[in-house]
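The values are calculated or read from the model by the stated rules, or taken from the named source; none is laboratory data. Owing to the predicted nature of the structure, the values given are computational and were not obtained by experimental measurement. Here Cβ is always computed from backbone atoms with ideal geometry, including for glycine, and neighbour counts include all displayed protein chains. The protein model used for the area step is the full one, side chains on, heavy atoms only, and it has no ligands, DNA or RNA in it. Shrake-Rupley method; radii C 1.70, N 1.55, O 1.52, S 1.80 Å.
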Amino acid sequence: MPERPGGRPPPGLDGAAAGPWLVEALELQAPGRVALTSHREGPLADGRFRVATSYSGLSAGTELTFYKGTNPYLHAGWDPLLGVFSPDRPAQAFPIRPFGYMEVGRVCASRSRAAAEGELVAMAYGHKTGHTVDPMVDRFVPLPDDLDPLLGVYVAHMGPICANGLLHAAADVAGPGSVQLGDGVRGRDVLVTGAGVIGLLTGLFARHQGAAAVAVADATPERLRAAEGLGLDAIDDRDGDAWLVAKERWRHGPGDAGADVVFQCRGRTAALATALRSLRPQGTVIDLAFYQGGAPEVRLGEEFHHNGLSLVCAQIARVPRGLAHLWDRRRLAAETVDLLRAHGQAVRQHLVTDVVPLADAPTLFAEVAARRRHVIQAVFACGSGAQEAER
């Protein structure tokens, strides 16, 4: 068995692939404190299979809310029957292990017909070196051999989030009929507010699905360069005038200027205000952002009211009403695979800014939270992924 730096054996199998194994996982012990911990699991049970993690992606926008202690689940619990948050019973408490939802790895042992040994799969099981899968409970997506394994971090959850945004735009145009993913953007002028991973992938989806034009507004030079690298128009919003650029660029007639649809992908209410201001009359904002506080910048008596705008929340837990029989998470994942097959090299070059060993994750969290380090997409490498990163 190969040795790791420091003389420790690699986390994973102790002997046969289906025998006991040691799993290392990131644990969020308290706000601002992440540690790498380990636990041992017994032999593989019948009907299950094991995945040895290659890569685990950091969803910075969501995970840093837990790291900073601002996530609403730390202060209130979701009532699924009433559809409201209850502040008297927080849904999560520290320590949290594991956390994260962008994993890809290879099946290293299988006692199930659902997956064969050696198969590459995308899942959402958190930052850890391996996972034992119950196919009756866990969602997994087999990946094709021609896909860069690192890009598999987008397939199980992050990519479907973005595809679901386009699906909501399609339903907004075509109604609850048999819509195609591009129906809401094809031939239309599209603005994306926020050039994080979700914004950039959503913009790339819109371009891939035939939008007439796709512009991305952000204030960070590195993210604007990434947008340009993906073939998207970049609008520098450091002065807060992105809405004016959209209005001047897309003129449809007297009193009719702005984007046909805006995908709002930044968790700042000022960005939502920009999104609403950028729309042409009776346009729609498809909102994929995650907000944590109030919304003083969103002045609903102004553009929202006078231009008759619509605001649609698109979250991965729900496809548009009436489309559940046609669209599910697996189909959204398949659309993500198609996107990555077409644009994978550009995504790898312009979105993935950092690939670091899982053991370095605590340092990366601290540096990003303190704004000492800027990342677009950070990926933690484990096992075979770590070996590839070293090469």
Suppose we filter Ala217, Ala246 for residues that are touching a Ser or Thr at 6+ places or on another chain (Cβ under 7 Å) and either at pLDDT below 95 or in a helix (DSSP H, G or I) (or both); which single one remains? Ala246
Would you say Trp78 is open to solvent by 50 Å² or more (accessible area, probe 1.4 Å) and either under 23 Å from Glu117 (Cα atoms) or at pLDDT below 95 (or both)? yes
Return a yes/no flag: does the range 305-315 have any residue that is touching a Phe, Trp or Tyr at 6+ places or on another chain (Cβ under 6 Å) and either touching a residue at least 40 places away in the same chain (Cβ under 8 Å) or at positive phi (or both). no
Would you be able to tell me the number of residues in the range 301-318 that are in contact with a His (Cβ under 6 Å, 6 or more places away or on another chain) and not in a loop (DSSP other than H, G, I, E, B)? 1
Residue among Val298, Val337 that is part of a loop (DSSP other than H, G, I, E, B), open to solvent by 10 Å² or more (accessible area, probe 1.4 Å) and aliphatic (A, V, I, L, M): Val298
Out of all the residues in the range 138-155, is one or more part of a strand (DSSP E or B), surrounded by 17 or more Cβ atoms within 10 Å (Cβ to Cβ) and modelled with pLDDT of 95 or more? yes
Condition first: closer than 17 Å to Arg329 by Cβ and either open to solvent by 10 Å² or more (accessible area, probe 1.4 Å) or not in a helix (DSSP H, G or I) (or both). Now tell me which residues in the range 157-178 satisfy that. His157, Ile161, His168, Ala171
Looking at the structure I just gave you, is Gly118 small (Gly, Ala, Ser), open to solvent by 20 Å² or more (accessible area, probe 1.4 Å) and more than 30 Å from Arg207 (Cβ to Cβ)? yes
Could you please tell me which pairs satisfy a Cβ distance under 8 Å, a separation of 6+ or placement on different chains, a first residue in the range 163-181 that is farther than 16 Å from Ile198 by Cβ, and a second residue that is among the charged types (D, E, K, R) and loosely packed, with under 15 Cβ neighbours inside 10 Å? Ala171/Arg321; Pro176/Arg321
Qualifying positions in the range 99-137 - over 20 Å from the mean Cα position of the chain (by Cα), of a type outside the set (S, T, N, Q) and not in a strand (DSSP E or B): Arg111, Arg113, Ala114, Ala115, Ala116, Glu117, Gly118, Glu119, Asp134, Pro135, Met136, Val137
Can you say whether Ala334 is modelled with pLDDT of 95 or more and touching a Ser or Thr at 6+ places or on another chain (Cβ under 7 Å), as far as the supplied structure shows? no
Which condition number does Ala215 fail, the rest of (1) buried (at least 24 other Cβ atoms within 10 Å of the Cβ); (2) more than 22 Å from Gln377 (Cβ to Cβ) being met? (2)
Taking the range 277-292, which residues are out of contact with any strand residue (DSSP E or B) (no Cβ under 6 Å at 6 or more places or on another chain) and under 15 Å from Asp237 (Cβ atoms)? Arg277
Would the range 234-252 turn up any residue that is in contact with a helix residue (DSSP H, G or I) (Cβ under 8 Å, 6 or more places away or on another chain), more than 22 Å from Ala156 (Cβ to Cβ) and surrounded by fewer than 17 Cβ atoms within 10 Å (Cβ to Cβ)? yes
If we take the range 13-67, then strands (runs of 3 or more DSSP E) inside it with 2 or more residues that are open to solvent by less than 10 Å² (accessible area, probe 1.4 Å) and of a type outside the set (Asp, Glu) are 21-30, 49-57
Six or more apart or on different chains, Cβ under 7 Å: which pairs go from a residue in the range 76-93 that's part of a loop (DSSP other than H, G, I, E, B) to one that's surrounded by 10 or more Cβ atoms within 10 Å (Cβ to Cβ) and of a type in the set (S, T, N, Q)? Could you list them? Ala76/Ser86
Out of all the residues in the range 319-333, which are closer than 23 Å to Ile198 by Cα, touching a residue at least 40 places away in the same chain (Cβ under 8 Å) and either loosely packed, with under 15 Cβ neighbours inside 10 Å or in contact with a His (Cβ under 9 Å, 6 or more places away or on another chain) (or both)? Val319, Pro320, Arg321, Arg329, Arg330, Ala333
